[in-house]
Amino acid sequence: NYLFYYTYAYFLRSVGATGADIMTWGRLFTLVFPIMGAIAQWKLVRHYLNLRGLRSALALLFATSLWFCTSIIRYWALSIRPDMGAIALVMVALYIAVRRPRFAFAYAGVLFYLAWSFKQSVILAFAGICLFLLFQKRWRDLSVLVTVFAALIAATLFLGTPQYRFDTLVATRLYGFDFKYALQIVPKTLVSNAYWILAPVVLLLATGTRSE
């Protein structure tokens, strides 16, 4: 998570935060990421569903509420932790991948790397988009995305210290994944966030009504 520490350290040093002010300024800085993620999600949904006017405003409301008001995020939007920066960068990468500007998947590879540098577990999101491209047989996009992402990680590991390589490649394998715990929290998460999970369905229905 080296980029998380460097980013926050640079910001806190820039504002001259010391002592208890570190917590206050750090929490305020975290707000940048959910705002960035909400805007990227809104723009993605608006583009994909071709929303305008009131429907676009509704999509913005849903996105903002998801990033600030659901139990998935909880207090993380005002905490000092790498998760918010990582998932916000993933959201921006997905937006670029959907919009597909020139060199889109090269940019997406860089953004996924930055997200990985904040929190390495976002590799699962990268794997998800790779599977999508694989099933769609978009070989060129897949190769560009994987090449850029892998090259940046390889450079990071090469330039990092032996301790960093150990922490990244070895230490993370010392802890197992508890599927039983995951099965316990999934139903609770779905129930507590049912309203926002249904939001895309509402948007799809609204778009379908408009097209008719």
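The values are calculated or read from the model by the stated rules, or taken from the named source; none is laboratory data. Owing to the predicted nature of the structure, the values given are computational and were not obtained by experimental measurement. Counting neighbours? That spans all protein chains shown, and the Cβs are built from the backbone with ideal geometry, glycine included. Protein only, heavy atoms only, side chains kept; ligands, DNA and RNA dropped before computing areas. Shrake-Rupley method; radii C 1.70, N 1.55, O 1.52, S 1.80 Å.
Got a number for residues in region 97-107 being closer than 13 Å to Ala40 by Cα and either open to solvent by less than 30 Å² (accessible area, probe 1.4 Å) or not β-branched (Val, Ile, Thr) (or both)? Working first, answer last.
Kept after step one, since they are closer than 13 Å to Ala40 by Cα, are these residues of region 97-107: 97-99.
Now drop any that are not either open to solvent by less than 30 Å² (accessible area, probe 1.4 Å) or not β-branched (Val, Ile, Thr) (or both), which leaves 97, 99.
So the count comes out to 2.
Considering only region 118-159, state which residues are exposed (fewer than 14 other Cβ atoms within 10 Å of the Cβ), among the charged types (D, E, K, R) and part of a helix (DSSP H, G or I).
Arg140
List pairs: first residue in region 126-149 and over 16 Å from Pro101 (Cα atoms) and modelled with pLDDT of 85 or more, second residue in a helix (DSSP H, G or I) and hydroxyl-bearing (Ser, Thr, Tyr) anywhere in the structure, Cβ distance under 6 angstrom, at least six positions apart or on different chains.
That search, which allows pairs on different chains as well, returns Phe149/Tyr113.
Condition check ((1) of a type in the set (S, T, N, Q); (2) more than 19 Å from Phe29 (Cα to Cα)) across all residues:
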{"position": "Thr64", "(1), (2)": "yes, no"}
{"position": "Ile80", "(1), (2)": "no, no"}
{"position": "Met91", "(1), (2)": "no, no"}
{"position": "Gly109", "(1), (2)": "no, yes"}
{"position": "Ile129", "(1), (2)": "no, yes"}
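Can you pull out every residue in region 147-163 that is touching a Phe, Trp or Tyr at 6+ places or on another chain (Cβ under 9 Å) and under 12 Å from Phe105 (Cα atoms)?
Scanning region 147-163 gives Val148, Phe149.
If we keep just the residues of region 116-128 that are touching a Phe, Trp or Tyr at 6+ places or on another chain (Cβ under 8 Å) and among the aliphatic types (A, V, I, L, M), which is nearest to Ala150 (Cα to Cα)? Quick ask: steps written out before the conclusion?
Going residue by residue through region 116-128, those that are touching a Phe, Trp or Tyr at 6+ places or on another chain (Cβ under 8 Å) are 116-119, 122-123, 125-126.
Narrowing the set further to residues that are among the aliphatic types (A, V, I, L, M) leaves 122-123, 125.
On the way: Val122: 14, Ile123: 11, Ala125: 15 Å.
Restricting to residues being touching a Phe, Trp or Tyr at 6+ places or on another chain (Cβ under 8 Å) and among the aliphatic types (A, V, I, L, M), the top hit is Ile123.
So for region 68-80 (the condition being open to solvent by less than 30 Å² (accessible area, probe 1.4 Å), closer than 24 Å to Gly128 by Cα, among the polar types (S, T, N, Q) and not in a helix (DSSP H, G or I)), does at least one residue qualify?
So in region 68-80, the residues open to solvent by less than 30 Å² (accessible area, probe 1.4 Å) come out as 70, 73, 77, 79.
From what is left, the residues that are closer than 24 Å to Gly128 by Cα are 70, 73.
Keeping just the survivors that are among the polar types (S, T, N, Q) gives 70.
Restricting the remaining residues to those that are not in a helix (DSSP H, G or I) gives 70.
Yes: region 68-80 contains one or more residues that are open to solvent by less than 30 Å² (accessible area, probe 1.4 Å), closer than 24 Å to Gly128 by Cα, among the polar types (S, T, N, Q) and not in a helix (DSSP H, G or I).
Every residue in region 1-26 that is surrounded by 15 or more Cβ atoms within 10 Å (Cβ to Cβ), in contact (Cβ under 8 Å) with a residue 12 or more places away in the chain and not polar (S, T, N, Q), please.
Leu3, Phe4, Tyr8, Phe11, Leu12, Trp25, Gly26
Considering Leu44, Leu61, Leu3, Leu51, which residue is modelled with pLDDT under 90, under 25 Å from Leu94 (Cα atoms), out of contact with any Gly (no Cβ under 7 Å at 6 or more places or on another chain) and outside any helix (DSSP H, G or I)? Spell out the reasoning first.
Values: Leu44 fails: outside any helix (DSSP H, G or I); Leu61 fails: outside any helix (DSSP H, G or I); Leu3 fails: outside any helix (DSSP H, G or I).
When all the criteria are applied, what remains is Leu51.
Tell me which of these Pro101 doesn't satisfy, since it passes every other one: (1) in a helix (DSSP H, G or I); (2) under 22 Å from Val144 (Cα atoms).
Checking Pro101 against (1) in a helix (DSSP H, G or I); (2) under 22 Å from Val144 (Cα atoms), the one that fails is (1).
Taking region 20-41, which residues are aliphatic (A, V, I, L, M) and in a helix (DSSP H, G or I)?
Step one: of region 20-41, the residues aliphatic (A, V, I, L, M) are 20, 22-23, 28, 31-32, 35-36, 38-40.
The answer is Ile22, Met23, Leu28, Val32, Ile35, Met36, Ala38, Ile39, Ala40.
Exactly one condition in (1) of a type outside the set (Lys, Arg); (2) within 30 Å of Trp139 (Cβ to Cβ); (3) part of a loop (DSSP other than H, G, I, E, B); (4) in contact with a helix residue (DSSP H, G or I) (Cβ under 6 Å, 6 or more places away or on another chain) is false for Ala108; which is it?
Single failed check for Ala108: (3).
Among the residues of region 33-60, what is the count of those that are open to solvent by 60 Å² or more (accessible area, probe 1.4 Å), without any contact (Cβ under 8 Å) to a residue 40 or more places away in the chain and under 29 Å from Phe11 (Cα atoms)?
Result for region 33-60: 3.
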